[in-house]
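Chemist: Encoded as structure tokens, here's the structure I'll be asking about.
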Amino acid sequence: MKSTLLKIRNLVTTMAVTALFAACGGSEKSDETAEPQPAAEPTYEYGICVDSLTKVEGIVGSGESVSVLFDNLGIDAGTAYKVQFLPDSLFNAKRVRAGNRYTVYFSNEGDTLHNALENPQYFVYQNTFIDYTVIKLGDSLTAYRYRKPVEVRERVSEAQIESSLWNAITGNNLNVALAGDLSDIYAWTIDFFGIQKGDGFKVYYTEQFVDGECIGIGEIKAAVFHHNDSNYLAFKYDTLDFHGYWDATGHSLRKAFLKAPLNFRRISSTFTYTRRHPIYKTVRPHTGVDYAAPKGTPVWSIGDGKVVFKAYKGGGGNTVKIKHNSVYSTAYLHLSGYAKGLKVGDHVKQGQVIGYVGSTGASTGPHLDFRVWKNDKPINPLTMESPSVEPLPEKYMSGFNTAKDKYLDKLK
């Protein structure tokens with residue numbers, strides 16, 4: 001018999017002996033005059049009545065296929081073969097991942113405990129923290145999806161920044177997902193590479209729990225971010241027509257343009273008309289901003305627009321140019337490559353990846369040369385004022401103000 005099954009037998013045998021000793025009055029005398037107790041309610045797990053079943057839990061090992069796993073658990077090869085033909089919407093044997101949990105339920109109806117452990121009834125596989133596949137074993141193999149109930153808890157957290165947003169969150173034992181979510185909400189208003197000691201935030205949000213364990217953030221409902229001696233408020237409010245985060249006056253935090261076209265390490269060269277070129281050794285205008293970043297770093301469009309140029313262009317190397325409207329255009333230079341399928345004439349969305357950092361053209365190392373034109377004249381991307389998208393219409397302001405007041409109370 002396989003070692004995995006032997007360990008299971010030993011464990012369950014120990015549990016059974018302990019239970020038998022207790023049932024035989026190993027510690028206390030029975031009360032013969034006690035009133036008869038009502039029958040206990042049946043116990044269900046994953047939609048299975050488990051009163052007559054023995055549960056064994058485990059974790060899929062590295063390189064362990066379904067056939068190997070089933071063999072180790074004493075599940076016959078014919079059943080493992082049938083599992084391969086279940087619909088992908090229920091279970092895909094090829095997508096079973098090492099580290100995911102599983103549960104096997106064995107029958108308690110064998111002549112001996114060991115015989116019972118040779119009679120598996122159900123196999124349950126963890127797809128996610130919430131989603132599970134339940135397979136009823138046997139000649140007529142069936143399967144269904146089971147979702148564990150999710151408990152939602154409200155929480156208010158705050159932190160002061162000493163070095164970075166990430167360090168402030170991890171240093172205060174907060175959910176690390178807050179860093180990404182706050183960065184997304186304030187992507188148009190705060191340069192997170194420019195935050196400094198003394199900045200901070202307070203946020204009202206929900207967390208999701210399964211079986212008492214936190215599995216992630218549900219939604220940020222409101223936040224205030226203190227940056228450069230200013231407070232930036234954000235309130236979540238959705239209607240049938242409008243969705244997103246709004247400031248205290250009902251103006252969207254979403255701007256027409258993002259603050260930066262990539263996640264970068266540092267700014268290696270700024271907008272100037274008097275830069276000495278590192279390769280040509282002459283003084284010439286540099287009407288853009290150089291963002292130093294590793295080769296292959298994704299580069300995204302800072303706003304909605306249309307691709308009007310995509311080609312190798314002299315010292316700029318691989319270049320993409322996007323026209324956003326009648327006023328603004330942007331360009332992305334020195335790319336190592338373009339996003340798959342991107343072509344001239346394509347309409348791109350804000351935040352859509354259009355290429356990857358490289359060092360093509362006249363370049364001394366991997367970086368992105370990012371340029372912006374306003375009415376066909378180059379402007380400094382770092383000082384560009386980005387217009388907001390349309391505010392909430394007046395007919396929604398009453399409902400928004402009610403929600404805002406509720407959120408402010410939470411933040412207080």
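Chemist: G58 passes all but one of (1) assigned to a strand (DSSP E or B); (2) open to solvent by 50 Å² or more (accessible area, probe 1.4 Å); (3) not aliphatic (A, V, I, L, M); which number fails?
Modeler: Unmet condition: (2).
Chemist: Filter segment 292-303 down to residues that are modelled with pLDDT of 90 or more and assigned to a strand (DSSP E or B) and give me whichever is least open to solvent (accessible area, probe 1.4 Å).
Modeler: V299
Chemist: Another question, then. Of everything in segment 318-348, what is within 23 Å of K377 (Cα to Cα) and in a loop (DSSP other than H, G, I, E, B)? Give them in sequence order.
Modeler: Correct list: H324, N325, S326, V327, V344, G345.
Chemist: Counting only residues that are open to solvent by less than 50 Å² (accessible area, probe 1.4 Å) and either touching a Phe, Trp or Tyr at 6+ places or on another chain (Cβ under 7 Å) or on the phi > 0 side of the Ramachandran plot (or both), how many does segment 339-352 have?
Modeler: Applying the first criterion (open to solvent by less than 50 Å² (accessible area, probe 1.4 Å)) to segment 339-352 yields 339, 342, 345-346, 348, 350-351.
Among the residues that remain, those that are also either touching a Phe, Trp or Tyr at 6+ places or on another chain (Cβ under 7 Å) or on the phi > 0 side of the Ramachandran plot (or both) are: 345, 351.
So the answer is 2.
Chemist: Here's something else I'd like to know. Going through segment 173-228 one residue at a time, which ones are under 29 Å from S301 (Cβ atoms), part of a loop (DSSP other than H, G, I, E, B) and open to solvent by less than 30 Å² (accessible area, probe 1.4 Å)?
Modeler: Y186, A187, I190, I195, D199
Chemist: Further question: Taking interchain pairs and intrachain pairs at least six residues apart, which have beta carbon atoms under 6 angstrom, with the first residue in segment 56-75 and within 16 Å of Q121 (Cα to Cα) and the second open to solvent by 70 Å² or more (accessible area, probe 1.4 Å)?
Modeler: Between residues of segment 56-75 that are within 16 Å of Q121 (Cα to Cα) and residues that are open to solvent by 70 Å² or more (accessible area, probe 1.4 Å), the close pairs are N72/K2; G74/E118.
Chemist: What pairs come out if I take residues in segment 193-220 that are more than 11 Å from Q160 (Cβ to Cβ) and pair them with residues that are among the polar types (S, T, N, Q) and open to solvent by 50 Å² or more (accessible area, probe 1.4 Å) whose C-beta lies under 6 Å away, six or more apart or interchain?
Modeler: Listed pairs, sorted by first residue: I215/Q208; G216/Q208; G218/Q208.
Here is a yes/no grid of residues against (1) of a type in the set (S, T, N, Q); (2) over 30 Å from I190 (Cα atoms); (3) surrounded by 13 or more Cβ atoms within 10 Å (Cβ to Cβ):
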{"position": "K82", "(1), (2), (3)": "no, yes, yes"}
{"position": "F85", "(1), (2), (3)": "no, yes, no"}
{"position": "R101", "(1), (2), (3)": "no, yes, yes"}
{"position": "Y122", "(1), (2), (3)": "no, yes, yes"}
{"position": "R153", "(1), (2), (3)": "no, no, no"}
{"position": "E162", "(1), (2), (3)": "no, no, yes"}
{"position": "W166", "(1), (2), (3)": "no, no, yes"}
{"position": "G171", "(1), (2), (3)": "no, no, yes"}
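Chemist: Further, regarding this structure: Could you please give the count of residues in segment 376-412 that are open to solvent by 100 Å² or more (accessible area, probe 1.4 Å), in a loop (DSSP other than H, G, I, E, B) and either closer than 24 Å to V308 by Cα or of a type in the set (V, I, T) (or both)?
Modeler: Residues that pass the stated criteria total 2.
Chemist: Within segment 276-291, can one find any residue that is open to solvent by 60 Å² or more (accessible area, probe 1.4 Å), assigned to a loop (DSSP other than H, G, I, E, B) and modelled with pLDDT of 85 or more?
Modeler: Among the residues of segment 276-291, not one is open to solvent by 60 Å² or more (accessible area, probe 1.4 Å), assigned to a loop (DSSP other than H, G, I, E, B) and modelled with pLDDT of 85 or more, which makes the answer no.
Chemist: Which residue pairs have Cβ atoms under 9 Å apart, sit 6 or more places apart or on different chains, and have a first residue in segment 77-89 that is more than 16 Å from Q121 (Cα to Cα) and a second that is open to solvent by 80 Å² or more (accessible area, probe 1.4 Å) and outside any loop (DSSP other than H, G, I, E, B)?
Modeler: That search, which allows pairs on different chains as well, returns Q84/K94; D88/R95; S89/R145.
Chemist: Kindly provide the set of residues from segment 354-375 that are modelled with pLDDT of 90 or more, among the β-branched types (V, I, T), assigned to a loop (DSSP other than H, G, I, E, B) and over 29 Å from the mean Cα position of the chain (by Cα), ordered by number.
Modeler: T360
Chemist: Working only within segment 179-214, note down all residues that are under 17 Å from the mean Cα position of the chain (by Cα) and within 19 Å of E151 (Cβ to Cβ).
Modeler: Y205, T206, E207, Q208, F209, V210, E213, C214
The values are calculated or read from the model by the stated rules, or taken from the named source; none is laboratory data. Everything numeric here is computed off the predicted structure, so don't read it as measured data. Glycine also receives a Cβ, built like all others from the backbone with ideal geometry; neighbour counts cover every protein chain displayed. Calculation scope for accessible area: heavy atoms of the full protein, side chains included, ligands and nucleic acids excluded. Shrake-Rupley method; radii C 1.70, N 1.55, O 1.52, S 1.80 Å.
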